[in-house]
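Okay, so here's the structure we're looking at.
The values are calculated or read from the model by the stated rules, or taken from the named source; none is laboratory data. Everything quoted here is computed from the prediction, not taken from an experiment. No Cβ is skipped: glycine too gets one built from the backbone with ideal geometry, and neighbour counts run over all protein chains shown. Surface accessibility is based on the protein's heavy atoms, side chains included, excluding ligands, DNA and RNA. Shrake-Rupley method; radii C 1.70, N 1.55, O 1.52, S 1.80 Å.
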Amino acid sequence: MNVNGKTIVVTGAASGIGAETARMFMAGGAAVIAVDRNKPAAGTFARFVEADLSDPASIRDAARTVDKGIDGLCNIAGLPPTRGRVPVIRVNFLGLRDFTEAMLPNFNDGAAIVNLASLAGIGWPDAGAAIKALIALRDFDGVATLCDAHQVDDARSYFFSKEALIVWTMQNRWSWRERGIRMNAVSPGPVQTPILQDFLQTLGKRAEEDMRVMDRPGKPEDVAPVVAFLCSGDSAWIRGSNIPCDGGMSSHVMLNMSGLA
Ligand code: NAI
């Protein structure tokens, strides 16, 4: 995996998976532009851009501040379900999409975009109508109405945001092919970061069951290399894919769903 000399934007770089991904890139010789609402504690970032990815004006400003010459964008910032459905869907899907689109003029040809989705998005094939409606939504103020229309409460909003992100990633398999720009997603299972407790709190018994069958939760160090690989030229033919990184959980869930476990 060679990222030496590349310039890579990492959102959510102040904590957890984003912080570890940024660290890996910098160790590999990349210049990292950190985008977060919180200032990263340490690290030799080329630049820190403070942004609130739930706010369209802040998103536009951030993309303008980042400027051109970007080889990779890792969309890692995200909120857990305990934050409520409007912020969750704004940050995890609408804001991520707006920031990515605003960044398009900044990308070098051949750039890679990696979206941090989740095992929580595995149910996307069963949520087609609601996902279609969210992908059609451009107005950040329309989230609550859309959620009411599709029975999305706070607990479901996290799953829904990641389902939409996986579908949107697949839809963009060839969107910028003439510029060689690729988009992929990574879907971790439960990872030991500050928001793990929020998931356990929201998911209750289901999370307890997941943690029982898993040998251990993931670590940011388990996920960051997969993100970095998808950002490097070594993954050039992977496009519009969602790569699980979950200690076997997605296989376990899918086999159980289809009665083939
Ligand atoms: P974290 O809470 O450690 O880091 C999230 C980062 O996003 C923080 O630095 C935070 O400041 C930033 N952020 C949140 N809202 C923002 C906003 N409005 N504007 C700008 N920055 C904002 O969480 P973690 O676990 O590292 O999560 C990273 C990504 O991985 C998220 O998208 C999450 O959904 C996903 N994920 C996490 C899993 C876990 O179990 N921890 C499992 C699967 C996916």
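Remarks
- When 204, 259, 180 are checked against the criterion of being in contact (Cβ under 8 Å) with a residue 12 or more places away in the chain and at positive phi, 180 stands alone in meeting it.
- Which numbered condition residue 102 misses (of (1) more than 28 Å from residue 145 (Cβ to Cβ); (2) more than 8 Å from the ligand (Cβ to nearest atom); (3) open to solvent by 10 Å² or more (accessible area, probe 1.4 Å)): (1)
- Looking across the range 86-99, just one residue is touching a residue at least 40 places away in the same chain (Cβ under 8 Å), open to solvent by 40 Å² or more (accessible area, probe 1.4 Å) and either within 15 Å of residue 8 (Cα to Cα) or within 9 Å of the ligand (Cβ to nearest atom) (or both), and that is 90.
- Flag for residue 256 being under 25 Å from residue 99 (Cβ atoms) and not in a loop (DSSP other than H, G, I, E, B): no
- Scanning the range 17-47 for residues that are more than 9 Å from the ligand (Cβ to nearest atom) and open to solvent by 60 Å² or more (accessible area, probe 1.4 Å) yields a count of 8.
- Meets criteria (within 13 Å of the ligand (Cβ to nearest atom), hydrophobic (A, V, I, L, M, F, W, C) and within 24 Å of residue 2 (Cα to Cα)) for residue 66: no
- Number of the exception - residue 237 against (1) closer than 28 Å to residue 30 by Cα; (2) crowded, with 18+ Cβ neighbours inside 10 Å; (3) among the aromatic types (Phe, Trp, Tyr): (2)
- Some residue of the range 126-134 being basic (Lys, Arg), under 19 Å from the mean Cα position of the chain (by Cα) and part of a helix (DSSP H, G or I): yes
- Any hit, the range 168-175, residues being out of contact with any helix residue (DSSP H, G or I) (no Cβ under 9 Å at 6 or more places or on another chain), charged (D, E, K, R) and away from the ligand (no atom under 11 Å from the Cβ): yes
- In this entry, residue 134 is excluded by the filter for residues that are free of Cβ contacts under 8 Å to residues at least 24 places away in the same chain, crowded, with 16+ Cβ neighbours inside 10 Å and not acidic (Asp, Glu).
- Between 209, 221, the distinction of being modelled with pLDDT of 95 or more, open to solvent by 70 Å² or more (accessible area, probe 1.4 Å) and of a type outside the set (A, V, I, L, M, F, W, C) belongs to 221 only.
- Of all residues making up the range 137-154, the number that are touching a residue at least 60 places away in the same chain (Cβ under 8 Å) and crowded, with 16+ Cβ neighbours inside 10 Å: 4
- For the range 69-85, a residue qualifies if it is in a strand (DSSP E or B) and more than 9 Å from the ligand (Cβ to nearest atom), and the qualifying residues are 70, 71, 72, 73, 74.
- Considering the range 169-202, the residues that are part of a helix (DSSP H, G or I) and modelled with pLDDT of 95 or more include one that is surrounded by the most Cβ atoms within 10 Å (Cβ to Cβ), namely 169.
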